[in-house]
Amino acid sequence: MPDPVGDALELVTAWAGRPVTATVIKGGLSHHIARLDSADGERWILRVLDPRIAATGLGIPLEQEIDNTVRAASTGVGARVVRVLPGAVLLEYIEGTTLDGPAVGSMIGEIAAACRRLHAGPRFVNDFSIFRKLGELRELCRSRGLAPPPGYDDVTPVAADIEAALARRPLPSVPCHNDLLAENLIATREGVRIVDYQLSGNNDPCFELGDIAAEADFDPGQVARLTRAYFGDDELLPRVRLNLIMSNLTWTLWFVVHQGLVRDRAHPDFDYTAEAADKFAQAVRDVEDPAFGRLIDLAGGRTPRTS
Ligand SMILES: Nc1ncnc2c1ncn2[C@@H]1O[C@H](COP(=O)(O)OP(=O)(O)O)[C@@H](O)[C@H]1O
Ligand SMILES: [Mg+2]
């Protein structure tokens with residue numbers, strides 16, 4: 001039976017020159033993560049990458065993830081890369097508290113500051129488009145016979161409308177994380193740090209904000225506060241709200257694919273199918289909202305339609 005964590009641990013022990021104990025962290029949904037402690041009090045994070053995550057498009061290729069992690073670390077926001085091992089990476093252990101949904105809502109200013117710092121840093125080695133990712137995951141569902149939640153195909157044409165509206169006033173891309181759920185944010189005394197560059201790539205900063213809002217179930221007031229905290233005003237709020245919809249629509253399929261193709265790595269306490277249904281229901285709610293057409297007009301720089 002292959003034991004990728006044990007193999008990586010042996011390499012770390014040889015490198016450290018002293019015994020190291022591993023404590024598995026169950027928080028993550030994809031890879032094998034462990035906290036490592038040496039007897040003399042040093043501590044690291046070992047991230048052993050499951051190659052199926054990149055192979056199924058649930059994450060970027062491993063070399064890209066590692067290169068981007070090094071770049072994110074150079075801004076002070078990401079964890080420092082201590083050592084790159086075959087199929088694994090040893091990271092600085094960040095002392096702090098991993099956030100949960102409500103904590104994200106109460107730390108909007110700090111999270112916006114961390115994003116600005118990351119986005120002002122060196123560009124990542126790859127580009128990322130949520131529209132291409134949606135297409136990729138849909139194709140994968142089709143070719144592998146995985147069923148999205150009922151009604152999914154009736155709703156997805158709105159993605160083309162959103163893409164066309166956003167393309168009318170394009171924004172320069174910046175190095176984005178693209179997966180800012182609470183568990184990838186760690187509050188420390190020096191500010192919020194960001195881990196897990198599995199889906200990172202240069203992208204529209206409004207996707208980063210919309211994705212944070214979608215993952216933390218923000219109400220419209222919180223979405224506006226996040227937009228203001230990042231940009232200084234809320235001119236781009238319609239763009240952030242359309243990206244929020246794209247996050248829910250696309251990550252619905254992330255859970256469908258994870259459930260279908262890497263089930264054995266699934267977190268035992270996590271219901272991937274229920275999560276897919278929940279994200280899809282939120283996308284439907286926003287697309288069926290009478291204000292949706294107005295968002296499309298405003299984001300594309302057109303005079304909003306009246307109804
Ligand atoms: N460098 C780090 N320092 C401290 N804790 C970390 C670090 N990296 C990850 N963690 C913790 O481990 C959890 C899972 O790690 P993560 O890299 O997000 O894995 P996954 O790709 O499986 O989501 C995080 O939610 C966080 O609590
Ligand atoms: Mg994570």
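If residue 56 meets every condition in (1) within 15 Å of ligand 2 (Cβ to nearest atom); (2) closer than 27 Å to residue 249 by Cβ; (3) not assigned by TED's automatic domain parsing to the domain that holds residue 194 apart from one, which number is that one?
(1)
Need a quick list: helices (runs of 4 or more DSSP H) entirely within region 212-307 having at least 2 residues that are at pLDDT 95 or above and under 23 Å from residue 195 (Cβ atoms).
Numbers: elements: 220-231, 237-261, 272-288, 292-299.
Those helices (runs of 4 or more DSSP H) span 220-231, 237-261.
Specify which of the listed residues (232, 221) is surrounded by fewer than 23 Cβ atoms within 10 Å (Cβ to Cβ), within 17 Å of residue 103 (Cα to Cα) and free of Cβ contacts under 8 Å to residues at least 24 places away in the same chain. Full working, then the answer.
Numbers: 232 fails: within 17 Å of residue 103 (Cα to Cα).
Answer to the selection: 221.
Identify the residue in region 149-167 that is touching a helix residue (DSSP H, G or I) at 6+ places or on another chain (Cβ under 8 Å) and of a type outside the set (A, V, I, L, M) and, among all such residues, is farthest from ligand 1 (Cβ to nearest atom).
Applying the filter and picking the extreme gives 161.
Can you name every one of the helices (runs of 4 or more DSSP H) wholly within region 1-94 that holds 1 or more residues which are within 12 Å of ligand 1 (Cβ to nearest atom) and surrounded by 14 or more Cβ atoms within 10 Å (Cβ to Cβ)?
51-55, 62-74
The values are calculated or read from the model by the stated rules, or taken from the named source; none is laboratory data. The shown structure was predicted, so the numbers you read here are calculated from the model rather than taken from an experiment. Neighbour counts run over all protein chains shown; Cβ positions are idealised from the backbone, glycine included.
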